[in-house]
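Following: one structure in structure tokens, then a few remarks.
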Amino acid sequence: MIGQVSQLPIKLLVFCGFAIIFLNQGAQPAAGQMPQFVDITDSTSIKFEHASSSDKKYIVESMGGGVALIDYDRDGLPDIYFTNAPTVEMALRGEKARAALYHNNGDGTFTDVTEKAGVGYPCFAMGAVVGDYNNDGWPDLLVTCLGGVVLYRNNGDGTFTDVTKQAGLSDTQYATGAAFGDYDNDGWVDLFVSHYVDFHLDDLPKFGEGKTCEYHSLAVQCGPRGLKGAGDLLFHNNRDGTFAEVSKAAGVDDPHGYYGLTAVWSDFNDDGRLDLFVANDSTPNFLYRNDGDGHFKEISFLAGTAVSQDGSEQAGMGVALGDYLHTGRLSIFVSHFSEEYATLFRNDGGLSFTDVSFSSGVAMPTIPYVGWGAAFFDVDNDGWPDLFMVNGHVYPQVDTLDVGARYHEPKLLFLNQRDGTFRNISQQVGPALQVPQVSRGVAVGDLFNNGRLDIAVENVDGKPMVLRNQNENHNHWVSFELAGTTSNRLALNARVKAVAGDLVQVDEVRSGGSYLSQNDLRIHFGLGNHDRLDRIEILWPSRKKEVLNNLVADRQYAVKEGQGVVPPESIRPISRSKVQ
Amino acid sequence: MQVCGFSSGKSRVQPWRDVVLSMLTLCAMFAFLSVRLNADQDEQQKVASAAKLVQGGQLGEAESLVWGVLTRDPDNAEALNLLGYVRLRQKRLAESETLLRRAITLSPKLLPAYITLARLFHAQDDTDKEIAALLDASRLAPGDAQIHCDLAAAYLKRNDYRQALDSLQQISGANPPDVKFLLLATTYLGLGRTADVDTLTPTIMSRGAKDPKLLVQFAEVLLDFDLTSQALYILETAQKKVQHPSAALLLTLGRAHERRDEYTLAERELRQALRLDSRSVDILQALARVLARQGQWEKSLELLVTARKLDPNSPEVLRKLAATSLHTGAASQAVEAAQALVKLGPNDPDALYLLGVAQLQNGESEEARTNLESYAKLRPQDGLAFLALAMAEIGLRDLPAAEANLQQSIKLDPNRAEAYYQLSLIFRERGDNSAAITQLQKAVAVNNQYAPAHAVLGALYLSLQQYDKAQEHLMHAVALAPDTADTHYQLGLLFARLNQRDRAQREMEQFRKLKDKGNSDGTPAVAPPATFQPAGPPS
């Protein structure tokens, strides 16, 4: 009947309006509202440059470039540590390359405090990760090197002391990835270090000689294939400032010598024990299931994380973990060499993963590039973690080839479409991501404490890049700085579940990840249009569960294990220089 | 992928014809010259001497002598004819034709010139012109049996059996040449008159008693028409008549056994033939084929490499060499052989196809695309052409073009499982699992034995957590192709999901074993797609 029909469109419009208002958790950005990442490096006063040789004759010259965000002075602002390594020629002459620690001044600028901190010349460095090995509340810095590791103890007064020897971290191999994690839940973080190839400066492989020193018939640096691999090391924290090496007993020593790179700890099967994922270059990845009592079992093949979907070994470089599907399970993203796609292993539960790289949309755009540092983070605060990856080839000689590859490569940013897929928005977030560079490490954090996550990128040739997130939308956010009491002091691997209406997100405090790098240890959640959190559930490493309700959005919270929200000062130790 | 387009034996010119034609040409020349000896004796003597030199293979000296004559007498038709013949032997065919035509213009009844012209057109594979020249010759010498034989042979090249029979029936005389009977047998068989061949057989057998070569040639004719048992009978009879069988006899015996799939016997005969004539390209090719039929591809390849050294410009050898190289994974060798083949015949579609496929296997996708595009233009109704082109485009990551060509391939040949399979992989890369599954279902519908399609279907169902369907297809795939590493990997994942840990572990072990084997011996653990193998041993 005419009357009823004519009412229908109006009712439909009203219903649709409600639907839009009620269901919209934070709109996907319209074309003009994409978050923009702006290169602010020049304005930061950061002058660091990674040492570099123009022809990269040796693999060690291509594999470094880790960057760490570390609030070394516990002022609530993440500072930046750039690793550095000399060229082989420099090293043979006895010359070193200066790393740099930049203090975050809070006004968009950074100050070089390397000399004062005493962290300028650790070694022929590859990467850096953060952990509080002595539970004094001051984050310490672990640098991986050609020739072992260097553990810098944070003295709490703006300085660090190299305590590698007294800590018992005896390692003389080519260390690359590392991660602190309390695998035995005793409240003290242990340390895993992966190793790459058996490489010595007094016995260099000959550039361009042999099949494994060729790329499309071009002479290039040798390796990793063709070079002998190196096993990995697990150090158990003795709680007295020292570590004991327990690799073989634990079953993580990698007797076959796979080419280990980035490593991360996480409880992938929610059984309360930290498991370990290691990305291996050109060899199958490792997924070690923690069976308790200090033992691990390598299960990556059965779990589906060892190789690609068609059973091929890939060049695993960087690792990112994220609950991109809001299932409460952390999936694994691994970056790879060019002509291989970056792999997204969807966590299906029960230590089963599925390679969904193609169906998620991340595979195709990554194939042309050599991928390194990567991170899941919410670029637009809509509550859904997006995915960022940096690229850069290893062979400068590739520019002479006509195969489409280039030495300098742009970066990639994928926007989470909330349905298991990602959209490549790299060209819509500002020109900075399109600048071709030779990037390696990535560290993500809220550098300016404004609720937007920024990015520090270390390039192995030339200057780094600091990208400021200029997001003009009005989506809400919240962040947490956690402190353990029974658990390890920095609350590494504390798992946080944030609930805002039907928006449920999970994330975890982690040491290491990306590519030989360290993200901001604070946990950040975008909340879309939710202006408050209904509740957060924190599962501390001690297995204690803490629930906090009704938190206002757009704030940073400090949470102490067992005590809930506390003033930030109460979880940050007082600087010893102030005390003195 | 089938290496197709090779001709059958039935329209192949028998090699014994070439010998006959050479003899005919020289004989005619000497006969004619002797008639003309009285006129211009000095000049004619020189031409006759030159003809003897040609017979002895001394082409250079003959040429000098003939030029001497032509300098004084540029219109000397016999000299022009002889020089034309020399040029033919020197493979300077255009010059040869010019000289012969001039000779004929000057002396329209110069029979040798017509015969030499026919030979020239035979060399150029221009059967129509060859026939025209031979008809002219037969008008000048209507009673000449050899000319009628050659005419019949030329008609047979066109499968024109009626005309061939007419020519042969014009041969009269009590003692026709042996070749007449061979040609008659071929003609009767072509006309389906096997009873007439049976009538002819005693005559051939009787003549063959004096010349066993004739029996071998007769057996070859019978083999051409798939009368293998009869051919074997003839050959075994011939073998009994001689103390030492010739290489030609053993070669034909080998071919006959091969036709009956008696490869061991065939190999024995052919190896014996090779011992007698180690430089025979025909024997090398035949043995290579028999070895290939027994799966001994590497040994087959060695023989073909030798054959090529002996006859570097033989299209047949190059074709087989390229195809066999592909089979053994020697892709760069296949490319090199195929390139040589294309050089001999730039517009030969089969050569272009072979080159394109070889380049594809060798990772030269851009070059493969160029050649396969050319092939597709020459054979626009060949579905395989578009499939191969799509593979080149996939190698170049030009997926939209690959998709279009795969669709075209399917349109031309809806029963080609690999086209659906490759299309599914494109959809899968695009993230469209549903479209990928649709194509794979079509692939297995047209060919349920196509393992790769089952394997990928299984993997897709696994990723979609449809475990029953995943198991069904993966089990089928592994039954069809048990040495494909990746299928075992997928099965391992599946059984892990189903909590069948032991089974999962076994599959993963098998996967790693196959993978390590593939890595250590350089051959891929996964066989190249079946379509890109020559369909059987090269013909």
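In the stretch B:162-174, is there at least one residue being at pLDDT below 95, assigned to a helix (DSSP H, G or I) and under 30 Å from residue B:245 (Cα atoms)?
no
For the stretch A:251-279, give me the residue count where each residue is over 11 Å from residue A:298 (Cβ atoms) and not aromatic (Phe, Trp, Tyr).
15
Being modelled with pLDDT of 95 or more, out of contact with any helix residue (DSSP H, G or I) (no Cβ under 7 Å at 6 or more places or on another chain), assigned to a strand (DSSP E or B) and surrounded by fewer than 21 Cβ atoms within 10 Å (Cβ to Cβ), is that true of even one residue in the stretch A:511-522? Full working, then the answer.
Here is the first cut: in the stretch A:511-522, the residues modelled with pLDDT of 95 or more are A:511-522.
Applying the additional criterion that residues be out of contact with any helix residue (DSSP H, G or I) (no Cβ under 7 Å at 6 or more places or on another chain) yields A:511-522.
Now restrict to residues that are assigned to a strand (DSSP E or B): A:514, A:518.
Checking which are surrounded by fewer than 21 Cβ atoms within 10 Å (Cβ to Cβ) leaves us with none.
No, every residue in the stretch A:511-522 fails to be modelled with pLDDT of 95 or more, out of contact with any helix residue (DSSP H, G or I) (no Cβ under 7 Å at 6 or more places or on another chain), assigned to a strand (DSSP E or B) and surrounded by fewer than 21 Cβ atoms within 10 Å (Cβ to Cβ).
Quick one: count up the residues across the stretch A:359-370 that are touching a Phe, Trp or Tyr at 6+ places or on another chain (Cβ under 8 Å) and surrounded by 23 or more Cβ atoms within 10 Å (Cβ to Cβ).
Summing the residues that are touching a Phe, Trp or Tyr at 6+ places or on another chain (Cβ under 8 Å) and surrounded by 23 or more Cβ atoms within 10 Å (Cβ to Cβ) in the stretch A:359-370 gives 5.
Looking at the stretch A:320-370, which of its residues are under 15 Å from the mean Cα position of the chain (by Cα) and either within 9 Å of chain B (Cβ to nearest Cβ) or among the charged types (D, E, K, R) (or both)?
A:323
Mind checking which residues of the stretch A:330-345 are under 20 Å from residue A:382 (Cβ atoms) and either touching an Asp or Glu at 6+ places or on another chain (Cβ under 9 Å) or of a type in the set (Val, Ile, Thr) (or both)?
Result: A:330, A:331, A:344.
Could you check residue B:408 against (1) at negative phi; (2) among the polar types (S, T, N, Q); (3) within 14 Å of another protein chain (Cβ to nearest Cβ) and say which number it fails?
(3)
What about residue B:424, is it hydroxyl-bearing (Ser, Thr, Tyr) and within 18 Å of residue A:359 (Cα to Cα)?
Yes: the conditions hold for residue B:424.
Got a sec? Which helices (runs of 4 or more DSSP H) wholly within the stretch B:249-338 have at least 1 residues that are farther than 22 Å from residue B:223 by Cα and not charged (D, E, K, R)?
B:263-276, B:297-310, B:315-328
Is it the case that some residue within the stretch B:218-232 is at pLDDT below 95, part of a helix (DSSP H, G or I) and surrounded by fewer than 16 Cβ atoms within 10 Å (Cβ to Cβ)?
Yes, the stretch B:218-232 contains a residue that is at pLDDT below 95, part of a helix (DSSP H, G or I) and surrounded by fewer than 16 Cβ atoms within 10 Å (Cβ to Cβ).
Among the helices (runs of 4 or more DSSP H) lying completely within the stretch B:54-107, list those that include at least 2 residues that are closer than 17 Å to residue B:124 by Cβ.
So the answer is B:77-89, B:93-106.
Among the numbered conditions (1) surrounded by 14 or more Cβ atoms within 10 Å (Cβ to Cβ); (2) of a type in the set (Lys, Arg); (3) closer than 17 Å to residue B:44 by Cβ, tell me where residue B:87 comes up short.
Residue B:87 satisfies every listed condition except (3).
With the structure loaded, tell me whether residue B:230 is free of Cβ contacts under 8 Å to residues at least 12 places away in the same chain and not acidic (Asp, Glu) or whether it fails that test.
Against the criterion (free of Cβ contacts under 8 Å to residues at least 12 places away in the same chain and not acidic (Asp, Glu)), residue B:230 qualifies.
Looking at A:164, A:144, which is the one that is closer than 27 Å to residue A:114 by Cβ, in contact with a Ser or Thr (Cβ under 6 Å, 6 or more places away or on another chain) and surrounded by 15 or more Cβ atoms within 10 Å (Cβ to Cβ)?
Sole residue among the options that is closer than 27 Å to residue A:114 by Cβ, in contact with a Ser or Thr (Cβ under 6 Å, 6 or more places away or on another chain) and surrounded by 15 or more Cβ atoms within 10 Å (Cβ to Cβ): A:144.
Please find, within the stretch B:414-437, the residue that is nearest to the other protein chains (Cβ to nearest Cβ) out of those that are surrounded by 17 or more Cβ atoms within 10 Å (Cβ to Cβ) and not in a helix (DSSP H, G or I).
So the residue we want is B:431.
Here is a list: B:371, B:362. Which entry is more than 23 Å from residue B:298 (Cα to Cα) and out of contact with any Cys (no Cβ under 6 Å at 6 or more places or on another chain)?
Details: B:362 fails: more than 23 Å from residue B:298 (Cα to Cα).
Answer to the check: B:371.
For every residue, the table says whether it meets (1) touching an Asp or Glu at 6+ places or on another chain (Cβ under 8 Å); (2) modelled with pLDDT of 90 or more; (3) within 30 Å of residue A:339 (Cβ to Cβ); (4) buried (at least 24 other Cβ atoms within 10 Å of the Cβ).
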residue	(1), (2), (3), (4)
B:307	no, yes, no, yes
B:323	no, yes, yes, yes
B:334	no, yes, yes, yes
B:337	no, yes, yes, yes
B:341	yes, yes, no, yes
B:352	no, yes, yes, yes
B:387	yes, yes, yes, yes
B:396	yes, no, yes, no
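Go through (1) more than 23 Å from the chain's Cα centre (by Cα); (2) surrounded by 17 or more Cβ atoms within 10 Å (Cβ to Cβ); (3) in a strand (DSSP E or B); (4) in contact (Cβ under 8 Å) with a residue 24 or more places away in the chain and name the single condition residue A:534 misses.
With respect to (1) more than 23 Å from the chain's Cα centre (by Cα); (2) surrounded by 17 or more Cβ atoms within 10 Å (Cβ to Cβ); (3) in a strand (DSSP E or B); (4) in contact (Cβ under 8 Å) with a residue 24 or more places away in the chain, residue A:534 is out only on (2).
Among the residues in the stretch A:479-494, are any more than 19 Å from residue A:131 (Cα to Cα) and in a strand (DSSP E or B)?
As a first pass, look at the stretch A:479-494 and keep what is more than 19 Å from residue A:131 (Cα to Cα): A:479.
Remaining after also requiring in a strand (DSSP E or B): A:479.
Looking for residues that are more than 19 Å from residue A:131 (Cα to Cα) and in a strand (DSSP E or B), one finds at least one in the stretch A:479-494, hence yes.
Can you tell me which of (1) in contact with a Ser or Thr (Cβ under 6 Å, 6 or more places away or on another chain); (2) away from chain A (no Cβ under 14 Å); (3) under 27 Å from residue A:343 (Cβ atoms) is the one residue B:455 doesn't meet?
For residue B:455, the exception is condition (2).
Checking the condition crowded, with 22+ Cβ neighbours inside 10 Å, out of contact with any strand residue (DSSP E or B) (no Cβ under 6 Å at 6 or more places or on another chain) and modelled with pLDDT under 95, which residue from B:538, B:528 passes?
Only one candidate passes the filter, namely B:538.
If you go through the stretch B:465-511 one residue at a time, how many are more than 39 Å from the chain's Cα centre (by Cα) and within 9 Å of another protein chain (Cβ to nearest Cβ)? Spell out how you get there, then give the answer.
Looking only at the stretch B:465-511, we keep the residues that are more than 39 Å from the chain's Cα centre (by Cα), and these are B:465-475, B:488-511.
After this cut, where a residue has to be within 9 Å of another protein chain (Cβ to nearest Cβ) as well, the list is B:465, B:488-490, B:492-493, B:495-497, B:499, B:501, B:504-505, B:508, B:511.
Residues in the stretch B:465-511 being more than 39 Å from the chain's Cα centre (by Cα) and within 9 Å of another protein chain (Cβ to nearest Cβ): 15 in total.
When you scan the stretch A:76-146 for strands (runs of 3 or more DSSP E) that lie fully inside it, which ones turn up with 3 or more residues that are closer than 26 Å to residue A:179 by Cβ, touching a strand residue (DSSP E or B) at 6+ places or on another chain (Cβ under 6 Å) and at pLDDT 95 or above?
Correct list: A:79-82, A:100-104, A:125-131, A:140-145.
Here is a yes/no grid of residues against (1) over 20 Å from residue A:362 (Cα atoms); (2) of a type in the set (Ser, Thr, Tyr); (3) buried (at least 21 other Cβ atoms within 10 Å of the Cβ):
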position	(1), (2), (3)
A:416	no, no, yes
A:423	no, no, no
A:429	no, no, yes
A:442	no, no, yes
A:456	yes, no, yes
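Restricting attention to strands (runs of 3 or more DSSP E) lying wholly within the stretch A:392-450, give those where 3 or more residues are away from every other protein chain (no Cβ under 14 Å) and modelled with pLDDT of 95 or more.
A:412-416, A:439-445
Among the residues of the stretch A:230-242, write down those that are surrounded by fewer than 24 Cβ atoms within 10 Å (Cβ to Cβ) and in contact with a strand residue (DSSP E or B) (Cβ under 7 Å, 6 or more places away or on another chain).
A:230, A:231, A:236, A:238
Output the number of residues of the stretch B:249-261 satisfying the condition of being crowded, with 17+ Cβ neighbours inside 10 Å and farther than 19 Å from residue B:214 by Cα.
Total satisfying the criteria: 2.
Identify all residues within the stretch A:544-579 that are in a strand (DSSP E or B) and basic (Lys, Arg); write none if there are none.
A:545, A:555, A:560
The values are calculated or read from the model by the stated rules, or taken from the named source; none is laboratory data. None of these values were measured; they are calculated from a predicted model. Cβ sites come from the backbone with ideal geometry, for glycine too, and all protein chains shown count toward neighbours.
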